[in-house]
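The next block holds one structure in the form of structure tokens; read it before the comments.
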Amino acid sequence: MAGILGILGNGSGNVAEVFPKMLTQAQMYPWYETVQCVCAGGNGNAGGDGFFASCGLAGIGECVERDGQILAFYGEIFNAPGSPAEFLLHGLLERGKSFLADVNGRYQAAMWDVRSRKLTLFTDIFATRPLYWTQTAGGVLFAPQMKTLLCESAVSRNLNREALVDFFTWGHYLHTYTSLEGIEVLPPAAFYTWDAESGELTKERYFSFSAGVETGCCRAGDCVSENWASGNSMPSTVDEVAERFRESVLMQTGFASELGIASGIVPDLTGLGISLSGGLDARSILGMIPPKLQENMTSVALGIPGSADHVLATQLAEKVSTHHFNYELNTDFLQNYDEAFSEMIRLTDGQYLSSSIVIPTLNFYREKGIKTLLRGHAGELFHMSKAYAFSMTEADRTAMENGTLSPKIWAFLHLQAYMLDGVKTDLLLGLPRSECVEMARASLYRALEETGEERENVVWKLYLSQRVFREIPLSMRKFDSHVNVRLPFLDRGVAEAVFRLPSSLRMGETIQRRILKRWRTDFLRVRNVNTGTYIGAWGFQQKIANLRQRVLAKLNVQGYQPYERMGLWLRRELKPYVRELLLDGLRSRGIFHPDTITEVVRTHNEGKNHTYLILALMILEKQMRFWED
């Protein structure tokens, strides 16, 4: 998988035998480019220190050396004036880790100090490019893919049962856990240092939103953070959030100079694309892009034939004259589902609850000449009333604000993925359901406490620190394997402005309505697929429109279909595939109660909705087969 990888030994292992295997595993596609660092202080044999490399899309991986420091880098930095790796290394040597708080980009990096024999692994503020690591008796390994770490036989293959409880309760892993005991993922703003002499690992963060926000905004990467007491932070306005978002879009498309902001990104008039839908997030990005770039870019919408997203995305694309394509999920997708599902597991290591529906589009992006793809992930920070499992009603928000509703109670009752609804028996062998519930509760409460927030704001911080961290990077990993992805919503200035905004203004369409009203009023008249009506419609109008949309969808009316029907496919076209993975496979592994798996499949085929639970079970079985291969 695209990213950096390396192995650092303490003298007790033979890194020269392991590293070539890691490189082979990382070279997933023929178009990947490998940039290998000089040996990190030794000859690579027993007693040597090890190797670094960057492997992935051409042009965004580097290895540099200066003053006894070797740095491996993969990704993009939007406010770097030249080489991103040189920019990072220079800043770290001059200012230390505090410099990283002012770096705007999507990246992962590793730095080896030849003299002190210390390794430092670090990520961007949001950890948007997953980097896995593990420590063995022989040293430390890191890679963008878990299977790459399994090239070292000393790495544990044991399942992490505590992490599995989280996965089957919340629909994603929490904290830095993975499904394997011996492997973790670096968190946002991580700064982990391993001392090869002592074997000690120091875990630090160079930035935290929960520590308070600064009153100023660092635009060019050369300012100093100040005024970190959250109580001294001035409240923001909807207009400030809108401005920060526009700055982020212009920065990431190479037009920041229009605002007098320094940017290291050069406008790409031929290779820029956007994943478009009928929702608010992607259209907000599209509306901020300068016209001369809009008419040269490519937009792609995904959905089944007759989906509402196809209709609405086409309307948006026509207004700005992008080269638009509607990619249809047809019967070919279901006939070749194992191929798509296996590729999803290969790209995500099975650490993400995904139906794999985007996999067929990956080559399509490259075929259409897209090199850089804009996506609207994390837009839920602007509208937490429509943030999937994190959806909060105005009544909930008010009750939390008044102190009459505990965020912990709300989170525990509301954020469960409901995969176990209707399942009466225990799922995991050796763990009664009551014990699983308490384990999941304790894990969630720890995550809530780590946000450092109280009342309703804790929900936004939890969304950013857990849901965004554990889901969006893995979702992007699929696209990152073929094209370079940029995420304008995941920007420090945007997030800080949002967190300083009164929470009542972050609930519905307020922020994005203001954005579109200022810069793209014509987009307001294109129906929002999530409400079924126009942006700014009254609550009762949204309820009527939503009911109408659901009725027409059930009647199979063209233009009102959802973009997928996974629940139906699992009990119909994919029924033999479910049987092969779960009834003929996972049941016999001694991890889950066989009778529970049988009952879940049977009741889903009879009409009960166990879509997410079946997908989660299929993912676990497929990832174990992937690691065994």
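The values are calculated or read from the model by the stated rules, or taken from the named source; none is laboratory data. Remember, it's a predicted structure, so these values are computed and weren't measured experimentally. Don't worry about glycine lacking a Cβ; one is built from the backbone with ideal geometry, like all the others, and counts go over all protein chains shown. Side chains are part of the model used for accessible areas, which takes the heavy atoms of the whole protein and leaves out ligands, DNA and RNA. Shrake-Rupley method; radii C 1.70, N 1.55, O 1.52, S 1.80 Å.
Descriptive notes on the structure:
- The condition of being within 18 Å of Leu186 (Cα to Cα) and either of a type in the set (A, V, I, L, M) or surrounded by fewer than 24 Cβ atoms within 10 Å (Cβ to Cβ) (or both) holds for Gln135.
- Criterion violated by Gln558 - all others in (1) in contact (Cβ under 8 Å) with a residue 12 or more places away in the chain; (2) touching a helix residue (DSSP H, G or I) at 6+ places or on another chain (Cβ under 9 Å); (3) surrounded by fewer than 14 Cβ atoms within 10 Å (Cβ to Cβ); (4) farther than 30 Å from Asp309 by Cβ satisfied: (4)
- Residue that is farthest from Glu450 (Cα to Cα), among those in region 392-422 that are more than 29 Å from the chain's Cα centre (by Cα) and assigned to a loop (DSSP other than H, G, I, E, B): Gly422
- The residue that is surrounded by the fewest Cβ atoms within 10 Å (Cβ to Cβ), counting only those in region 167-213 that are part of a strand (DSSP E or B) and among the hydroxyl-bearing types (Ser, Thr, Tyr), is Thr202.
- Residues that are open to solvent by 10 Å² or more (accessible area, probe 1.4 Å) and of a type in the set (Phe, Trp, Tyr), drawn from region 108-126: Phe126
- The listed residue being among the acidic types (Asp, Glu) and under 21 Å from Ala143 (Cβ atoms), out of Glu94, Glu62, Glu86: Glu62
- Residue in region 532-555 that is under 30 Å from Gly271 (Cβ atoms), open to solvent by less than 40 Å² (accessible area, probe 1.4 Å) and assigned to a helix (DSSP H, G or I) present: no
- Members of region 570-629 found to be within 17 Å of Met419 (Cα to Cα), charged (D, E, K, R) and either in contact with a strand residue (DSSP E or B) (Cβ under 7 Å, 6 or more places away or on another chain) or without any contact (Cβ under 8 Å) to a residue 12 or more places away in the chain (or both), listed by number: Arg602, Glu606
- Residues satisfying the stated conditions in region 114-152, i.e. part of a strand (DSSP E or B) and of a type in the set (Lys, Arg): Lys118
- Residue in region 436-453 that is within 30 Å of Lys368 (Cα to Cα) and touching a helix residue (DSSP H, G or I) at 6+ places or on another chain (Cβ under 6 Å) present: no
- Of all residues in region 260-315, those satisfying the criterion of being among the polar types (S, T, N, Q) and open to solvent by 20 Å² or more (accessible area, probe 1.4 Å) are Ser263, Thr270, Ser277, Asn296, Thr314, Gln315.
- Single condition Trp627 does not satisfy, out of (1) outside any helix (DSSP H, G or I); (2) open to solvent by less than 70 Å² (accessible area, probe 1.4 Å): (1)
- Residue within region 96-107 that is surrounded by fewer than 22 Cβ atoms within 10 Å (Cβ to Cβ), in a helix (DSSP H, G or I) and of a type in the set (Lys, Arg) present: yes
- All of (1) within 20 Å of Ala16 (Cα to Cα); (2) part of a loop (DSSP other than H, G, I, E, B); (3) touching a residue at least 40 places away in the same chain (Cβ under 8 Å) hold for Val155 with one exception: (3).
- Scanning region 460-489 for residues that are in a helix (DSSP H, G or I) and of a type in the set (D, E, K, R) gives Lys461, Arg467, Arg470, Glu471, Arg477, Lys478, Asp480.
- Criterion (in a loop (DSSP other than H, G, I, E, B), open to solvent by less than 70 Å² (accessible area, probe 1.4 Å) and more than 26 Å from Cys436 (Cα to Cα)) met by exactly one of Glu573, Glu564: Glu564
- Complete set of residues in region 417-435 that are open to solvent by 50 Å² or more (accessible area, probe 1.4 Å), at pLDDT 90 or above and of a type outside the set (Asp, Glu): Thr425, Leu429, Gly430, Pro432, Arg433, Ser434
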